[in-house]
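The values are calculated or read from the model by the stated rules, or taken from the named source; none is laboratory data. Given the structure is predicted, the values throughout are model-derived calculations rather than measurements. Because the Cβ atoms are built from the backbone with ideal geometry, glycine has one as well, and the counts that use them run over all protein chains shown. Protein only, heavy atoms only, side chains kept; ligands, DNA and RNA dropped before computing areas. Shrake-Rupley method; radii C 1.70, N 1.55, O 1.52, S 1.80 Å.
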Amino acid sequence: MEKDQIILLEDRGLISISGEDVKNFLQNIITNDIEKVNSSTSIFSALFTPQGKYLFEFFLIKSKNGYFLDCDNKFTNGIINYLLKYRLRSKVEIKDISSEFVIGLISLEKFLDIQKEVNKNVDTIEFRDSPLFLDPRNKNLGARVVSSLEKLHLTIKKLNLKIIKPDTYFAKAHSLGIPIKGIENLKDQLFGLEANFEELNAIDFKKGCYIGQENTARMKLKEKLRRRLLPISSTKKLNIGEEIFYNKIKIGKILIEQPCPFGLVKVVDPNVEEFENKELLANNKKCRILKSV
């Protein structure tokens, strides 16, 4: 993405979470530390099953009354239902505000310019009454803005930005090993650590208990991670469920298909270093690992 460009993500949902008990409520269920979230810091986080498997991923941003949760719109209803299930008697209000807001993406370079303009050297800033934050997974993915559609178009005009299609963002994320499209196919298919959530800054191992924490901590402590979600490149269409082979040894399977495929791949026995730059086969279609963690 160029400095004068902006991407509007039409496939995002936004949930407002507020109320007297909201901080403790979220702290007990999310994988990251809600105490980190303030007007200067936003986080990437997740919800796991009790066994530590992938359920949902999202960003948490401080709002005036609580928090914004920025998620894939295929996850919106599922996340709301999950939160309602655990709310019990907590004084927490959960509301889908997706129709009122839009998520925009700008380049890292543009964000740094805005930082200078507002004279704030922090990763989350307020710009024209809207939170603007560097992607906590990887700053090379640029910055996200959470704004009403009306305000965002005024911001686009003020900053002289051109709206472009999101393809460059999806391709950049794929090259960095970060899945964007098709993540709904990961649900219950792999552990959070296998989804590289430690490397993507989604897990805080010092915060204490959350749902799935025990098994996640045990896997990290005992170094039991044997598979990882890795980006796959191929000139052919790869399909979900196709097995990946190296020298006739099964090393994984496709979990996310085109346009940006990912596979759950062994990283030991054989070690990923042995085949990360080699030709692999998925249902007799040539492919390779784009990037190992």
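Search the structure for amide H atoms under 5 Å from the amide H of Gly19, placed 1.01 Å from N in the peptide plane, and list their residues when 5 or more places away or on another chain.
It is Glu93, by chain and number.
How much accessible area per residue does region 187-293 have, counting only protein heavy atoms and a probe of 1.4 Å, in square angstrom?
Result: 55 Å² of accessible area for each residue.
Excluding same-chain residues fewer than 8 positions from Lys120, which aspartates and glutamates have a Cα within less than 20 Å of its Cα?
Once the sequence-local aspartates and glutamates are set aside, what remains near Lys120 is Glu109, Asp129, Asp135.
Tell me the accessible surface of Cys209 in square angstrom (1.4 angstrom probe, heavy atoms of protein chains only), to the nearest ten.
100
Let me check I've understood the local charge: for Leu193, count other residues with C-beta under 12 angstrom from its C-beta, Lys and Arg +1, Asp and Glu -1. What total comes out?
That works out to +4.
Largest first, what is the accessible-area ranking of Arg226, Arg218, Arg144 with a 1.4 Å probe? Let's see the in-between values first.
Values: Arg226 125, Arg218 90, Arg144 5 Å².
These residues rank, largest area first, as Arg226, Arg218, Arg144.
Go through region 74-90 residue by residue and turn each phi into a ³J(HN,Hα) via Karplus (6.51, -1.76, 1.60, θ = phi - 60°); whole Hz please, and just put x for glycine and proline.
Karplus values, whole Hz, x for Gly and Pro: 6, 9, 3, 5, x, 5, 4, 5, 5, 5, 5, 4, 9, 5, 6, 9, 5.
About the Cα centre of region 36-182, what is the dipole size in debye to 20, counting +1 per Lys and Arg Cβ and -1 per Asp and Glu Cβ, all else neutral? Don't jump to the answer; show the numbers that get you there.
Values: 24 positive and 15 negative charges, 43 e Å.
Dipole of region 36-182, to the nearest 20 debye: 200 debye.
Ranked from the most accessible area to the least, with a 1.4 Å probe and all protein chains present, what is the order of Leu238, Leu84, Leu108? Intermediate results must be reported in sequence, preceding the final value.
On the way: Leu238 0, Leu84 75, Leu108 30 Å².
Ranking Leu238, Leu84, Leu108 by accessible area, largest first, yields Leu84, Leu108, Leu238.
Any idea how far the Cα center of region 204-276 sits from the one of region 56-88, in Å?
26
Would you work out what percent of the accessible area of region 209-293, with all protein chains in place, is carbon or sulfur (probe 1.4 Å)? Before the final figure, lay out each step's value.
On the way: 2310 of 4900 Å².
Exposed carbon and sulfur together represent 47 percent of the surface.
Rounded to the nearest 500, what is the 222 nm mean residue ellipticity of the chain from helices alone, with -39500 (n - 2.57) per DSSP H run of 4+ residues and division by all residues?
Working: 7 runs with 62 residues, N = 293.
Computed mean residue ellipticity for the chain: -6000 deg cm²/dmol.
Using +1 at the Cβ of each Lys and Arg and -1 at the Cβ of each Asp and Glu in the chain, identify which of Ala195, Gly104, Ala173 lies farthest towards the dipole's positive end.
Final value for the positive-end residue is Ala195.
Could you check what % of the DSSP bridge pairs in the chain are antiparallel, to the nearest 5? Numbers along the way, then the final one.
On the way: 61 of 64 bridges.
Roughly 95 percent of the beta bridges in the chain run antiparallel, per DSSP.
With angles folded into 0 to 90 degrees, how steeply does helix 149-159 sit against the dominant principal axis of the chain? Use alpha carbons for both and round to 10.
It is inclined by approximately 90 degrees.
Using R₀ = 30 Å, calculate the FRET efficiency as 1/(1 + (r/R₀)^6) where r is the Cβ-Cβ separation of Glu35 and Asn140; round to 0.05.
Details: r = 26 Å, r/R0 = 0.88.
Step by step, r from the Cβ atoms, then E = 0.70.
Pull out the extension gain between Asn24 and Glu199, defined as 0.36 nm times the separation in residues minus the alpha carbon to alpha carbon distance; nm, one decimal.
Working: separation 175, 0.36 × 175 = 63.00 nm, distance 2.50 nm.
That pair, Asn24 and Glu199, stretches by 60.5 nm at full extension.
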